[in-house]
Amino acid sequence: MKITYSIVAPIYNEIENLPELYRRVKEVMDSSGEAWELVLVDDGSTDGSTEKIRELARTDKAVRPVIFARNFGHQVAITAGWDYSRGDAIIIIDADLQDPPETILELAKKWKEGYEVVYAVRAEREGETWFKKFTAAAFYRLIYSITDVKIPVDTGDFRLMDRKVVNVLKQMKERHRFPRGMSAWVGFKQIGVEYKRAARMAGVTKYPFSKMFRLALNAITGFSYFPLQVATYFGFFSAGVSILAIPIVIYMRMTGAGAFTGQATTLIAVLFLGGAQLISLGILGEYIGRLYDEAKGRPLYIVRDAPEE
Ligand code: UDP
Ligand code: MG
């Protein structure tokens, strides 16, 4: 049977959420009257989610289990979901039910109107700390202002994409991935639909600050050269300032004003420039490390088992 909707959920230790996720997705998708599948990508869970996924797949053929050999990260799990989905429209959804499955039908409505990427915009967020909300808001705006692609703000990975779009994304083999940026980059007819992001149903967030920071770096380095250019701008600025300073210092010395004597000024200047140079080196390192990863050309993920076709 021809499958219309593929719902992709990355799973990392979500055992308490899995049955409810399946139940709600099934209820909503059955009501659409069209064929659907639920691609559950197990990203190296250690809490028994893997068994639960297998069990769901045994009882319902609509569940497609993709089991990773270890934890490869959320973005890579989404990528595997694209690779293993067969539907005409692919929907990415979080497994913790923060993205209500009922919203899928609203996304599908826009898709039927002819839009090829329908992203869900977080109009409200429930049950998250002010720190998470603040860093997320700052992150979306920073990315928006410095990247070359206009990535919609307050938008996560929850979205529907047409088969055409996913076929293009499947050709994008970059290692350090930022799926929402990639899906903005490809173009096509895109539109946002607002929704209320719920609180996590059970369990804890799998995104500690360190992972959010990594994701932000992927987004910035993947879609912008701005950090590399900062060193150039700063170099011109400090060279300009020092050239201006030379006649001023000469003048002050000649008029007898005891300006810029002592070690403190020298020390501060040296430390400041040393720091600026090290930061620039670190930025270069971020890009070079990524180049190195690309050059190795390792597979993006390793599956322990997945459906044949
Ligand atoms: N996730 C994953 N691999 C990871 C981390 C997270 O597959 O290494 C999944 C997780 O199971 C969930 C989704 O990614 O379905 C979003 O994670 P989470 O809800 O923890 O992030 P938050 O909503 O707090 O930003
Ligand atoms: Mg969540």
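Globularity index of the chain is 1.27 (Cα radius of gyration / 2.2 N^0.38 Å, N = number of residues). Accessible area of Arg141 (1.4 Å probe, protein heavy atoms only, ligands and nucleic acids ignored): about 110 Å². For Lys132, the lysines whose Cα falls under 20 Å of its own Cα, not counting residues fewer than eight places away in the same chain, are Lys196, Lys206, Lys211.
Dipole magnitude for the range 116-272: about 600 debye, using +1 per Lys or Arg Cβ and -1 per Asp or Glu Cβ, origin at the Cα centre. Counted over the chain, the DSSP beta bridges are approximately 30% antiparallel. Pairs exceeding 20 Å between alpha-carbon atoms, taken from Lys2/Lys164; Lys112/Lys189; Lys150/Lys296; Lys26/Lys109: Lys150/Lys296. Separation of the range 187-216 and the range 80-158 by C-alpha centroid, Å? The distance from the Cα centre of the range 187-216 to that of the range 80-158 comes to 7 Å. Charge dipole of the range 153-238 (Cα centre as origin; +1 on each Lys and Arg Cβ, -1 on each Asp and Glu Cβ, all else neutral): 400 debye, rounded to the nearest 20.
Counting charges near Leu169 (Lys, Arg +1; Asp, Glu -1) among other residues having Cβ under 14 Å from its Cβ returns a value of +2. Surface listing: Glu37, Glu102, Glu286, Glu51 arranged by accessible area from highest to lowest gives Glu51, Glu102, Glu286, Glu37, probe 1.4 Å. Protein heavy-atom surface of the range 149-204, 1.4 angstrom probe: 57% of the accessible area is carbon and sulfur, with nucleic acids and ligands not counted.
Taking a quarter of the surface of the Cα convex hull of the range 22-62 gives a mean projected area of 3.0 nm². Projecting the Cα atoms of Ala276, Ala216, Ile78 onto the charge dipole of the chain (Cβ charges, centred on the Cα centre) puts Ala276 farthest toward the positive pole. Going by accessible surface with a 1.4 Å probe and the largest first, Thr255, Thr79 read Thr255, Thr79.
The values are calculated or read from the model by the stated rules, or taken from the named source; none is laboratory data. Here the structure is a predicted model, which means the values were calculated and not measured. All Cβ positions, even for glycine, are placed from backbone atoms using ideal geometry, and neighbour counts span all protein chains on display. These area figures cover heavy atoms from the full protein model, side chains too; ligands, DNA and RNA do not enter into them. Shrake-Rupley method; radii C 1.70, N 1.55, O 1.52, S 1.80 Å.
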